[in-house]
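The values are calculated or read from the model by the stated rules, or taken from the named source; none is laboratory data. Computed from a predicted model, the values in this text were never measured in an experiment. Positions of Cβ are generated from backbone atoms using ideal geometry, with glycine treated the same way; all protein chains shown enter the neighbour counts. Protein only, heavy atoms only, side chains kept; ligands, DNA and RNA dropped before computing areas. Shrake-Rupley method; radii C 1.70, N 1.55, O 1.52, S 1.80 Å.
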Amino acid sequence: MLKKMIVIAFLAVSAFANHTAELNLNEKDLEVAGRIDMGQFNMAVEPNTTFVGGKFLKAHEDHSSNNRVSLDPYYELNFLMMREINNSGMRVGMGVKLNYTNKYSTLPLGIEMEYKIPSARVIPIYLNGEFYYAPQVLSFHDAKDFLEYRASIDIELIKNGRITLGYRNLDTDYDRLSGSFNYNESWYFGFKIGF
């Protein structure tokens, strides 16, 4: 079933002429993501500045602080606006996400950045970071709050094709569970493809 969902996700993402498709994995977790560049469809929107996307994460309980319980899949819809800062190679953005599992749902707000290392001219190298937070007022079901942060490095071996190595941490507080519950904390590697 999971393999069918991955194939359907990749086909659906490519059918909408997306900006990027991404596959991240480690020995126990699988993450599939895609983002559509709204500038490709709307002439009023500058290309490569406004994105709509989605993400699916099947995390294993070994990478969670509550390894006694099987984890529900994590689903996410996201919206991001980015801009480059004065031809410096640095891009910053503001975003909002709607994430969901069977146990919690939140609406975190956050920032993202991408920096292209200027000395890496032959093979471009990018540093990426994300930070998203949802306080209690933006947390639903059993969630009290939500915090997500990521850091990754991308190496663009071919044009619009990157290999990535990253770290992610998705953390939430529950009303019914005692204290903080770390949904997933793990290193991963993967591929990003741009269209």
| note | Cα extents of the chain per principal axis, largest first, Å, are 49, 34, 34
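Using only helices, what value at 222 nm comes out for the chain when you add -39,500 (n - 2.57) per DSSP H run of length 4 or more and divide by the total residues, to the nearest 500 deg cm²/dmol? Before the final figure, lay out the partial values.
Numbers: 1 runs with 14 residues, N = 195.
Calculated from helices alone, the mean residue ellipticity at 222 nm is -2500 deg cm²/dmol.
What's the magnitude of the charge dipole for the chain around its Cα centre, counting Lys and Arg as +1 and Asp and Glu as -1 at the beta-carbon? Answer in Debye, nearest 20.
I would put it at about 460 debye.
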| task | Report the charge-dipole magnitude of the stretch 109-191 in Debye, nearest 20, computed about the Cα centre from +1 at each Lys and Arg Cβ and -1 at each Asp and Glu Cβ. | result | 460 debye
| task | List the relative contact order of the stretch 106-179 as a percent without decimals, with contacts defined as Cα pairs under 8 Å and 6+ residues apart. | result | 27 percent
| field | Listed residues Leu80, Tyr149, Thr106: farthest to the positive end of the dipole of the chain (Cβ charges) | value | Leu80
| query | To the nearest 0.05, how large is the calculated FRET efficiency for Gln136 and Met81 if R₀ is 25 Å and r is the Cβ-Cβ distance? | reply | 0.50
| Residue-level accessible surface for Met113, protein heavy atoms, 1.4 Å, Å² | 60 Å²
| field | Neighbour net charge for Gly166 - beta-carbon separation under 9 angstrom, K R +1, D E -1 | value | +1
| At a probe radius of 1.4 Å, what is the per-residue accessible area of Asp142, in Å² to the nearest 10? | 40 Å²
| task | Using a 1.4 Å probe and ignoring any ligands, DNA or RNA, find the accessible area of Leu23 and quote it in Å² to the nearest 10. | result | 40 Å²
| field | Loop trypsin sites (Lys or Arg not before Pro), the stretch 30-124, which have at most 16 other Cβ atoms in a 10 Å radius of their Cβ (DSSP) | value | Arg68, Arg121
| field | Solvent-accessible area per residue, Å², over the chain with all protein chains present [probe radius 1.4 Å] | value | 56 Å²
| request: Within the set of other residues whose C-beta is less than 12 Å from the C-beta of Met90, count the net charge using Lys and Arg as +1 and Asp and Glu as -1. | output: 0
